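The values are calculated or read from the model by the stated rules, or taken from the named source; none is laboratory data. Just so we're clear, the structure is a prediction, and the values are computed from it rather than from any experiment. Every residue, glycine among them, receives a Cβ derived from its backbone with ideal geometry; neighbour counts consider all protein chains shown.
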Amino acid sequence: MFVELPGNWLKHAFVRNSFLLKDQSQVQKILQSGIEVVLVDPLKSTIRPGSTKKPNYIKKVPVKKTWDNPLMPDDFGAILKDATIPPKEKASYIYNASLDVMDTLFKSPTADNLTQFKDGVSDMVDLILVDDEISSHLMNITSHDYYTYTHSVNVGVLSILLTKILYGSSTPHNMEELGSAFFLHDLGKVHVPDSLIQKPGRLDDSELSIMREHPLSGYQILSDTDHLSSECKIIVMQHHERDDGSGYPQGLKGEEIHVYGRICTVADVFDALTSRRPYKDPLSLYDSLFLMKGEMANHFNAEIFSAFVQIFKT
C-alpha cells in the first residue's frame, strides 16, 4: 500500500510522510511511533494493479499489529537490504542494533529469542560475506570497551570475516548457523555473576573455576533449546581450547579442536587483548597481533592465525 502518515514527519522514524509500504517491519515501525491509523492512496498502491481511476478520496486504514515484541529491530532486514543507504551508515546501524539485541538475549536466552536471533543474523551474515566495504566499516567501529554483549558482537563480526577469508563467500559451510554461534559463543556467561565479569582485578582460583564453567553452560543452553546445529554448539564449547592443550574445559589439542572452535578462539583472544578491561588497558592492534604471533603462538592453528592477520590488510 502507498500510505501517508498523519502529523509532522519529525514525530515518526521515517524520512518522509508518504511512501510505499512494502513489508511488515515498516508496519511495526509505524506502530512504535504511536500511529494507529494511516491514509492509503489506492492509485499509488500496488495491491490493486488493475485500477486506473484515481479515487476522489483517500481511505483511512487502521494499522494492524502482526507480531509481539520480536527480538530483532523491526527495520533490521529492510535496512540491510536497502541499497540506497551508505555502507558506513549501514555498518554503524548493524553494529549498534547487534549490541542491543545481544544485551537483550543475554538477559533472556529463551528458545523464541534464539530462533528470532538466528533468523535475523542470517541476513547480516549474507551482507558481510558479499560486501567488502560493509565489512571494512564494521572492523573500524568495533568498540574497545569490554562488556559481555559488546565482546560477543566483536567476536561475531571478526569470526565471520575470518571464515570469509578462509572459505570465501561461496563457502559450503552454513554461515547463517555459524554466524549465530560466533555471536553466542559467550552465552554461558548468563550464569556467571556480574561481580566476577566486572571484577576490577584478576580472578582468584575459585572465581576462575566458576568463570571457566561458561563454555559448558552455553553448550547446555543451546542443547536445551535445540535451535542450532551440533557444530555451532561445539563453537560455544571449544572457544577457550588451545592448540597446545592448555585451554579449557576439555584440554583438547590440535586436530581434536574443531576448525570452527579454532576460528572463534583467535577472534576471542584478539578482542580480549584489544579491549579495555576493569584490570587492564587495551593493547593496540599491532601489539595484540605481535603477542599472539610470539608468546601465544602455540595457542592457535598457524594457518588460521595467518588468515586472521589478513583481515587487517584489507
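Points to keep in mind about this one:
- Candidate set from region 81-94 (those that are in contact (Cβ under 8 Å) with a residue 12 or more places away in the chain and surrounded by fewer than 19 Cβ atoms within 10 Å (Cβ to Cβ)); member that is farthest from residue 153 (Cα to Cα): 81
- Residues of region 106-136 satisfying the condition of being touching a Leu at 6+ places or on another chain (Cβ under 8 Å), under 26 Å from residue 193 (Cβ atoms), assigned to a helix (DSSP H, G or I) and in contact (Cβ under 8 Å) with a residue 60 or more places away in the chain: 106, 114, 117
- Being closer than 28 Å to residue 27 by Cβ, at pLDDT 85 or above and more than 17 Å from the chain's Cα centre (by Cα) holds for only one residue in 104, 84, 110, 66, and it is 84.
- Within the set 120, 218, 188, 156, the sole residue that is closer than 17 Å to residue 93 by Cα, modelled with pLDDT of 90 or more and assigned by TED's automatic domain parsing to the domain that holds residue 86 turns out to be 156.
- Checking each residue in region 68-96 for being hydroxyl-bearing (Ser, Thr, Tyr) and not in a helix (DSSP H, G or I) picks out only 84.
- Search result, residues across region 261-289 that are at pLDDT below 95 and either touching a His at 6+ places or on another chain (Cβ under 8 Å) or not assigned by TED's automatic domain parsing to the domain that holds residue 165 (or both): 271, 272, 274, 275, 276, 282
- Check on residue 222, touching a Leu at 6+ places or on another chain (Cβ under 9 Å) and in a helix (DSSP H, G or I): yes
- Among the residues of region 27-43, those that are among the hydrophobic types (A, V, I, L, M, F, W, C) and surrounded by fewer than 15 Cβ atoms within 10 Å (Cβ to Cβ) comprise 37, 43.
- Some residue of region 287-310 being under 18 Å from residue 158 (Cβ atoms), crowded, with 18+ Cβ neighbours inside 10 Å and charged (D, E, K, R): no
- Of all the listed residues (162, 166, 196, 99), the sole one being crowded, with 20+ Cβ neighbours inside 10 Å and part of a helix (DSSP H, G or I) is 162.
Yes/no per residue for (1) among the basic types (Lys, Arg); (2) surrounded by 14 or more Cβ atoms within 10 Å (Cβ to Cβ):
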site: 202; (1), (2): yes, no
site: 205; (1), (2): no, no
site: 211; (1), (2): no, yes
site: 215; (1), (2): no, yes
site: 219; (1), (2): no, yes
site: 226; (1), (2): no, no
site: 232; (1), (2): no, yes
site: 240; (1), (2): no, yes
site: 243; (1), (2): no, yes
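- Residues of region 121-142 that turn out to be surrounded by 21 or more Cβ atoms within 10 Å (Cβ to Cβ) and closer than 14 Å to residue 228 by Cα, as a count: 1
- Filter result for residue 44 (part of a loop (DSSP other than H, G, I, E, B) and modelled with pLDDT of 55 or more): yes
- Selection within region 232-248 - in a loop (DSSP other than H, G, I, E, B) and either of a type in the set (Ser, Thr, Tyr) or touching a residue at least 40 places away in the same chain (Cβ under 8 Å) (or both): 239, 242, 243, 244, 246, 247, 248
- Output for region 268-291, where each listed residue is closer than 21 Å to residue 200 by Cβ and not acidic (Asp, Glu): 272, 273, 274, 275, 276, 277, 278, 279, 280, 282, 283
- Yes/no for residue 254 being surrounded by 14 or more Cβ atoms within 10 Å (Cβ to Cβ) and at positive phi: no
- Restricting attention to region 1-22, the residues that are at pLDDT below 75, out of contact with any helix residue (DSSP H, G or I) (no Cβ under 6 Å at 6 or more places or on another chain) and under 21 Å from residue 76 (Cβ atoms) add up to 4.
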